[in-house]
Amino acid sequence: MTRRFVILVCCALLLAGACKGSEGEEAGAQGSTLQFGAALSLTGQLSREGILTKDGYEYCKQVVNEEGGVEVGDKTYDLDITYQDDKSTPDVAAQLVDQMNDDNVKFILGPYGSSSTEAASAVVERNGQLMISSAGADDTIYEKGYQNTFGVLSPASEYLATIVKAVSDIAQPKPKTVAILSADDGFSKTAAEGGAAQAEEEGMEVVATEFFAEGSTDVSAQLTKVKPLNPDLILGSVHLEEGVAIIKQSEELGINPAGGFGETVAPPTPDFIETLGPAAEYTLGSSQWTPETEGEDELFGTAEDYAEGFEAAFGDTPEYHNAEATAACLAMILAIEDAGSLEPEAVRESLANLDTESFFGPIKFDENGKNIYKPMQVIQIQDGKPVTVWPSAEGELKWPAPPFDER
Amino acid sequence: MAESAARSTRIPQPSSPAGWILVGLGAAGFAYLLYAPVLLLESFLRTLGGVFMFATLALAWNIIGGFAGYASFGNVVFFGLGGYTVATLMAKAGWTFWPALVVAGAVGVLFAVLMGLPILRLRGHYFAIATLSVAEGMREIVVNMPSLTGGGAGITIPAVGLEATTSYPGNTGFYYFFLILLLVALAVTWRVSRSRFGYSLRAIHQDEDSAAALGINTTRAKVAAFALSGLLTALTGAIYAFQQVTIYPNRLFSIEFTVLMVVMAVIGGTGTIFGPVVGAVGLQFLSEYLRQNYLELHTVLFGAIIILAVIFLPNGIVESARELRSTKRIRFLDNVKANRL
């Protein structure tokens, strides 16, 4: 009896599942609606960033539809975006993108984070879908020879390199020695390598490169190794918690580099400043976007216009996660309009040739699909706020940073 | 528990009419599963593959956790080892998938024996904690051997283009891989449950000292059960790694997998043959359904349903269904009445 019950349940579940439907409708369009899909981390470890990304996509949808929709040839479509939750896990993101393909959703807006993007990009390639990544920065995603994945954001290799460029450009005195501390995930490692290469190019000596496990809150072993080398600049290729640990433990260990500290993604976040208080001051950080970013486009105007519009719509000032999501959506729309077609292959061609200015900076892809043409912004924490100091300056760089006990 | 587990293996013989119906239904179901790729959407095949994968993991856990009563909270270690064996052999040594799969299975068995000999001497909570820490420790080792495993940055199996050693089987291919592995796991469980070995495990579950006194070589039986569990889990991990292409230590050694295999086996019915499969099928479809329909609340709902299931069906779905049929009573309701809750 039990076994019969089991088998019946199994059969019922299988029969209830999706069966192959008829195809023939145009890719990604139902009636007068153009359908995009996004698998996002709405729950789990990355849910905060996932929700910021979703808001960025939603703002894009809102503006596009207010402005009359997407013009494809002589037809106009309303934009709609379906969201699914990848639970912050790459395998689920890949599965969801696969499901979207079966629902004839060919245009995919990227998930949050490099791991999920990497997993989704393999599926997109197999299915002939098209994906624009908004938050998958790791260069390795784009170095697999995939044709159908593009990234609007600056690649990981730029995150630390940008800080080195800025310091080398505007800091007086210019630091001579650099120590790099990095988390050991793919994104952070790539960023650390990019930073080290840039430092050598600028004539600085990299005296140490130390790694610790992703998510570490104790980096004192690495700091202790670095301390006797007396670097002028300490760079961290990190996420929030590791970035906080470097500053906090440097203060405790009395490590005061002659120049100062720079870290990749931690400093621009409000939590960094809140957690560290005065110790956060003078830290340099890199950001994909700030409201001072140069460039404008017809839909969103300048970066400042974007910030105002977004705040009016959502009540929060936009973070760079929001902006990069909107930019991915913008790139997809521009490419579709340029192509005048909803055929993924035609849109792919026009994406490959896209070369435009936007509120997010230049959007143009190299042969691997990376947007290497967009500069990143460098910010410095001044009076408890991130202030853009390079390449366009909202405020002046304060250099060198005084020791912790004099702040 | 063990007593009921023994009962659960009593299966109608094909000589009776009910038995023939069962055999017929089973054959029809099997034929349907074989033919499914022609009927179903690609992505649904992927979902089904995932269901089969979890059913296999739950069955593998059931051998050590259900039959022998040793609640392993570190079975994911075999999953991760299997996955990483295949990934490193294919990515670093240029092996094709099939020999790598064989080695992955061997690694699972070997590691289970080496790890089982010392830690199967622990009982109860101590055993659970020890297995948990072995899994966590293994993840750290994998993270800290970047030259071999790619470290935290993960490792990518060459699956497309000229570097691919074995062509990527796609959703349909992996559907069949997982289906076959599930059938193997079912056959193994069936065999174990009716063998002398299976009775030894149940005896150990009930009272290990008495089992030893009866002349059962408990260490050997436990280690063998652990090795069998490790073998099936490592093979599952190996196929999963190839399916994912890029694997990361945090995912491959994720405690989430361990928790899911335990929960699926417990909710379905530990120590039974079909319990873990019922648990895996039910929970995976439930989780899919909730995820598609409750974008942000689905994990909360999923957790709540698991709690309710454990309260209502403390012996698992399979056991409770049998109890309901034979006694026409639901134990939970009796409890409620007796305690005037």
Requested in this report: For chain B, find the longest principal axis of its Cα atoms and tell me its angle to the long axis of helix B:255-268, 0 to 90°, nearest 10.
Outcome: 30 degrees
Query - chain A: relative contact order as a whole-number percent, Cα under 8 Å and 6+ apart - result: 17 percent
Requested in this report: For region B:176-305, go through all pairs of different Cα atoms, get the mean of 1/r, take its inverse, and jot down that Kirkwood value in Å.
Outcome: 16.9 Å
Report summary line: Listed by chain and number, the residues whose amide H is under 5 Å from that of A:G340, excluding neighbours fewer than 5 places away on the same chain and using placed H, are A:G73
Report summary line: On each of the three principal axes the extent of the alpha-carbon atoms of region A:253-343, given in whole Å and largest first, is 61, 27, 21
Query raised in the report: Over all Cα pairs of region A:327-368, how is the pair count split among 5 Å bins, expressed in % and running from 0 up to the last occupied bin?
Result: 5, 27, 34, 23, 9, 1
Report task. State the percent of C-alpha pairs, over all pairs in region A:133-253, separated by a distance greater than 17 angstrom. Result -> 57 percent
Query raised in the report: Of B:F97, B:I157, A:A245, which is farthest on the positive side of the dipole of the protein assembly as shown, counting Cα position, with +1 on Lys and Arg Cβ, -1 on Asp and Glu Cβ, and the Cα centre as origin?
Result: B:F97
Query raised in the report: Residue-wise, which Karplus ³J(HN,Hα) couplings in Hz belong to region A:319-325, taking 6.51 cos²θ - 1.76 cosθ + 1.60, θ = phi - 60°, and x for glycine or proline?
Result: 9, 5, 4, 4, 5, 5, 5
Report task. Straight distance only, please: which lysines reach the Cα of B:K328 with their own Cα at less than 25 Å, same-chain residues fewer than 8 apart left out? Result -> B:K337
Report task. Kindly provide the trypsin sites (Lys or Arg not before Pro) of region B:252-341 that DSSP labels as loop, not H, G, I, E or B, and whose Cβ sees at most 15 other Cβ atoms within 10 Å. Result -> B:K328, B:R329, B:R340
Query - Full-extension gain in nm, A:A352 to A:E205, via 0.36 nm per residue minus C-alpha separation - result: 49.1 nm
Query raised in the report: If the cut-off is 17 Å between C-alpha atoms, which aspartates and glutamates fall inside it for A:K144, apart from same-chain ones fewer than 8 positions away?
Result: A:E118, A:E125, A:D366, A:E367, B:E163
Report task. Let me know the whole percent of all Cα-Cα pairs from region B:2-254 that are separated by more than 31 Å. Result -> 31 percent
Query raised in the report: What fraction of the DSSP beta bridges in the protein assembly as shown is antiparallel, stated in percent and rounded to the nearest 5?
Result: 35 percent
Query raised in the report: Hey, what angle do you get for helix A:90-102 against the long axis of chain A, alpha-carbon based, 0 to 90 degrees rounded to 10?
Result: 30 degrees
**Report entry** Cut-off under 5 Å, modelled amide H: who pairs with A:F36 long-range
**Finding:** A:D80, A:I81, A:T82
**Report entry** Derived scalar couplings ³J(HN,Hα) [region A:103-108; Karplus, 6.51 cos²θ - 1.76 cosθ + 1.60; whole Hz; x for Gly, Pro]
**Finding:** 8, 6, 8, 9, 9, 10
Requested in this report: Would you mind checking the radius of gyration and Dmax of region B:231-331 based on alpha-carbon positions, in Å?
Outcome: 15.7, 51
Query raised in the report: For A:W390, which sequence-distant residues (separation of 5 or more, or a different chain) have an amide H within less than 5 Å of its own amide H, given hydrogens modelled in the peptide plane?
Result: A:V378
Query raised in the report: How fast does chain A diffuse by Stokes-Einstein, in µm²/s, taking the Kirkwood radius from C-alpha pairs at 25 °C and 0.890 mPa s?
Result: 111 µm²/s
**Report entry** Proximal charge balance of A:S168 [Cβ under 15 Å; K/R count +1, D/E count -1]
**Finding:** -4
Query raised in the report: Relative contact order of region A:96-232: what whole-number percent is it, with Cα pairs under 8 angstrom and at least 6 residues apart?
Result: 19 percent
Query - Within a Gaussian network of chain B (alpha carbon springs, distance under 10 Å), most fluctuating of B:L228, B:L57, B:L132 - result: B:L132
Query raised in the report: For the charge dipole of the protein assembly as shown, defined by +1 on Lys and Arg C-beta atoms and -1 on Asp and Glu C-beta atoms about the Cα centroid, which residue among A:S392, B:T299, A:Q380 has the Cα displaced farthest towards the positive pole?
Result: B:T299
**Report entry** Globularity index of the protein assembly as shown, i.e. its alpha-carbon radius of gyration over 2.2 N^0.38 Å
**Finding:** 1.04
Report task. Can you list which of the chymotrypsin sites (Phe, Trp or Tyr not before Pro) found in region A:314-407 are DSSP loop residues with at most 12 other C-beta atoms within 10 Å? Result -> none
Query raised in the report: How large is ³J(HN,Hα) for each residue in region B:98-106, as worked out from phi by the Karplus curve 6.51 cos²θ - 1.76 cosθ + 1.60 (θ = phi - 60°), to whole Hz, x for Gly and Pro?
Result: 5, x, 5, 5, 4, 4, 4, x, 5
Query raised in the report: Listed here are the pairs A:K61/A:K189; A:K248/A:K398; A:K227/A:K398; A:K227/A:K364; A:K54/A:K75; which of them are more than 32 Å apart at the Cα?
Result: A:K61/A:K189; A:K227/A:K364
Report task. Within region B:106-169, list the trypsin sites (Lys or Arg not before Pro) lying in a DSSP loop whose Cβ has at most 16 other Cβ atoms in a 10 Å radius. Result -> B:R121, B:R123
Query raised in the report: Could you work out the helix-only [θ] at 222 nm for the protein assembly as shown, with each DSSP H run of four or more residues adding -39,500 (n - 2.57) and the total divided by the number of residues, to the nearest 500 deg cm²/dmol?
Result: -18000 deg cm²/dmol
Query - Angle between chain B longest axis and helix B:298-312 axis [Cα atoms, degrees, rounded to 10] - result: 30 degrees
Query raised in the report: Over chain B, what is the relative contact order in whole percent, taking alpha-carbon pairs under 8 Å and six or more residues apart?
Result: 29 percent
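Throughout, read-outs are computed from the coordinates displayed, never taken from laboratory work. Given the structure is predicted, the values throughout are model-derived calculations rather than measurements. Counting neighbours? That spans all protein chains shown, and the Cβs are built from the backbone with ideal geometry, glycine included.
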